[in-house]
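Novice: Before I ask anything, here is the structure I am working with.
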Amino acid sequence: MLVPFLLHWATTALALWAASHVFKGMRFDDGASLWVSALLLGFVNAIVRPMLVLLTLPLTFLTFGLFLLVINALMILLVSKWVKGFKVADFWTALGASIFMALLSMFLGSMFFPMGHHSGFIHMPMGGPWI
């Protein structure tokens, strides 16, 4: 249970680090701010993002899901406001970084969890009561 969490945290940190080297408007003062940002981004994506997705569902449908990219950028901006050593210049930098990070995380995730063997998934019993 701990290994998938640590792999996801490391993947997010690696994606943030790579994005900070690709986008000039995104930087970290030190390694600690990178790791804290990765951890906080994971929590924000698990808690705040689902609420925003639900609240903006009509807009997401109207834009054929593209508004989710805006939500991802807002999550990066939110984390940059909370972590002292993490700076993002503007919304467009956050948007580009969120697209870059999504693609990189998808690639890295396929390396760590090939062919859909995600150990983090909960498998329901095939028959009988679930409780």
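FYI, it's all coordinate maths here, none of it is from the lab. For clarity, every value in this text was computed on a predicted model and none was experimentally measured.
Novice: What's the center-to-center distance, using Cα atoms, between region 75-100 and region 1-71 in Å?
Specialist: Cα centroid of region 75-100 versus Cα centroid of region 1-71: 9 Å apart.
Novice: A further question follows. Shape of region 15-103 from its Cα gyration tensor (a ≥ b ≥ c, root eigenvalues): rounded if a/c is under 1.5, otherwise prolate when a/b > b/c, or oblate?
Specialist: Judged from the Cα gyration tensor, region 15-103 comes out prolate (a/c at least 1.5, a/b above b/c).
Novice: Please tell me the relative contact order of region 2-112 in percent, rounded to the nearest whole number, where contacts are Cα pairs under 8 Å and at least six residues apart.
Specialist: Working: 111 pairs, mean separation 40.2, N = 111.
Relative contact order of region 2-112: 36 percent.
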